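*Asks:* Have a look at this one before I ask anything.
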Amino acid sequence: MINKRLLIKNLLAHNDENSFYDKKRKIDISQKEGKAKFLKHICALSNSNPKNNSYIVIGVEDTDNKIVGVDFFDDSKIQNLINAYLNNPPIVQYENIPFPHLPDDKVVGLVTIRPNNKITSLRKNIWKYYGGYVFFRDGSMSVPKVFDIELKDDNSEIVAAIERHAQNNIQYTLDGVFDFMDKRNDYNPKYLVFKEYFVLCWAGQKKPVKDEVFYSRVDIELVNEQVRLFYSNLDEVAINYDDDNFQILEYVNLKLHNSSKYYPLEETNIKFSNNASYQIETTLVFQPPQFDKKSLFHVFNSNNILLNKIKKKTELNPHELEDLKNLPGTYLICYLNDFGDALDRLHESKLYLIPYGKEFYDRYKDAVRILRKVKYS
């Protein structure tokens, strides 16, 4: 089994960007340009590596390979995005890899592109790239090619050697368990062993509600691979497990008119098998709440007024600041109730919310995360 943290270290230590490996400071697939560039790199790496895995490491400075990290990215629907825009799409996996020196809310993103031995191309237009484009890697660049299109297998031995040197062992596993238990000692950390092989660590702040138990500030890691499976500072999470499965049901809090309610968002089941393998299945269970259109129209207009104020840098009173915290969530509710302009206003608010601090910007990121899951389900 590959230790993904070791794999990233080996990629960074021994290789410049090349035909099987790319690195990025960050990606943004919430906007067309960022989405198009991400798809271009996936297409190019897939075509340049028809018989071996290729990788994108996210959260690394380009100049000196410094690991700075990115936000935890829980988009389980990324394969749906790949399938929607690429012909002969490769299997793509995005994993969040914790590093000891990073803050709790930061990880390194690892994108693994698995080979399909077929020519991958854009299925339709996106941003400035046209449907039918075929990309390949030329050194550290992903470039379109029109003539002499053929798949070449030049990297299999190199990649196989890198992956061999990233194999896990008992010391790495034990170190990972002790590190997790020490780091999460405020939130009742536990470890579970599945099928005498997989070690899963998890922690969370327990919150009993009537006959049910929920958790907040949840952190879940698969120690064998050094992969963070789930992380949340705020959301309510229900957790259940048996000998074969570890199940996570995530809730989101949406607030309107000074009243809030938790809605089930996504259910994740990690199923462990006897043949030393596991599968992660995610199901979106979110049902968009529906509200009275007349009432929502008032909320939508109030949001627009508030957005115009922060664009003009008008000082806000305490009541307006509280409304500003809820602005991304209420725009989300409006969009889910067929207010078409609400999505544009939500994206427009991003730059103006950042100066107000982390809590305000986190609310924006939560709203965008829900939209991403709904869109690609």
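The values are calculated or read from the model by the stated rules, or taken from the named source; none is laboratory data. In this text, all values refer to a predicted model and were calculated from it rather than measured experimentally. Heads up, the Cβs are rebuilt from the backbone with ideal geometry, glycines too, and the neighbour counts pull from every protein chain shown.
*Asks:* When the residues of the stretch 338-375 are filtered to those that are over 27 Å from Glu267 (Cβ atoms) and among the basic types (Lys, Arg), which remaining residue is surrounded by the fewest Cβ atoms within 10 Å (Cβ to Cβ)?
*Replies:* Lys358
*Asks:* If you go through the stretch 273-284 one residue at a time, do you hit one that is touching a helix residue (DSSP H, G or I) at 6+ places or on another chain (Cβ under 7 Å) and either outside the structural domain of Gln31 (by TED's automatic domain parsing) or within 27 Å of Gln247 (Cβ to Cβ) (or both)?
*Replies:* yes
*Asks:* Next up: Would you please name the residue that is modelled with the lowest pLDDT, looking only at residues in the stretch 175-196 that are over 18 Å from Asn269 (Cβ atoms) and of a type in the set (Phe, Trp, Tyr)?
*Replies:* The extreme case among them is Tyr187.
*Asks:* Please specify each residue of the stretch 298-319 satisfying the condition of being part of a helix (DSSP H, G or I) and without any contact (Cβ under 8 Å) to a residue 24 or more places away in the chain.
*Replies:* Listed by number, the residues that qualify are His298, Asn301, Ser302, Ile305, Leu306, Asn308, Lys309, Pro318, His319.
*Asks:* Which residue, of Leu45, Leu81, is at pLDDT below 95, in contact with a Lys or Arg (Cβ under 9 Å, 6 or more places away or on another chain) and either under 24 Å from Ala166 (Cβ atoms) or not in a loop (DSSP other than H, G, I, E, B) (or both)?
*Replies:* Leu81
*Asks:* Would you mind stating whether Leu296 is within 19 Å of Asn337 (Cα to Cα) and surrounded by fewer than 18 Cβ atoms within 10 Å (Cβ to Cβ)?
*Replies:* no
*Asks:* Given the conditions (1) assigned to a loop (DSSP other than H, G, I, E, B); (2) of a type outside the set (Lys, Arg); (3) within 28 Å of Ser232 (Cβ to Cβ), and given that Asp64 satisfies all but one, which numbered condition is not satisfied?
*Replies:* Of (1) assigned to a loop (DSSP other than H, G, I, E, B); (2) of a type outside the set (Lys, Arg); (3) within 28 Å of Ser232 (Cβ to Cβ), only one is false for Asp64: (3).
*Asks:* Which of the residues spanning the stretch 52-79 are of a type outside the set (Asp, Glu), surrounded by fewer than 16 Cβ atoms within 10 Å (Cβ to Cβ) and either within 29 Å of Leu151 (Cα to Cα) or touching a residue at least 40 places away in the same chain (Cβ under 8 Å) (or both)?
*Replies:* Listed by number, the residues that qualify are Asn65, Val68.
*Asks:* Could you say which residue among Asp148, Asp153, Asp104, Asp138 is more than 27 Å from Ala36 (Cα to Cα), at pLDDT below 90 and either surrounded by fewer than 16 Cβ atoms within 10 Å (Cβ to Cβ) or not aliphatic (A, V, I, L, M) (or both)?
*Replies:* Asp104
*Asks:* Then there is this: Among the residues of the stretch 236-291, how many are among the hydrophobic types (A, V, I, L, M, F, W, C) and without any contact (Cβ under 8 Å) to a residue 24 or more places away in the chain?
*Replies:* Counting residues in the stretch 236-291 that are among the hydrophobic types (A, V, I, L, M, F, W, C) and without any contact (Cβ under 8 Å) to a residue 24 or more places away in the chain gives 0.
*Asks:* Right, next: Do the conditions hold for Glu322, that is, is it exposed (fewer than 15 other Cβ atoms within 10 Å of the Cβ) and assigned to a loop (DSSP other than H, G, I, E, B)?
*Replies:* In short, no.
*Asks:* Lys26 - would you say it is under 24 Å from Asn125 (Cα atoms), under 13 Å from the mean Cα position of the chain (by Cα) and surrounded by fewer than 19 Cβ atoms within 10 Å (Cβ to Cβ)?
*Replies:* It is true that Lys26 is under 24 Å from Asn125 (Cα atoms), under 13 Å from the mean Cα position of the chain (by Cα) and surrounded by fewer than 19 Cβ atoms within 10 Å (Cβ to Cβ).
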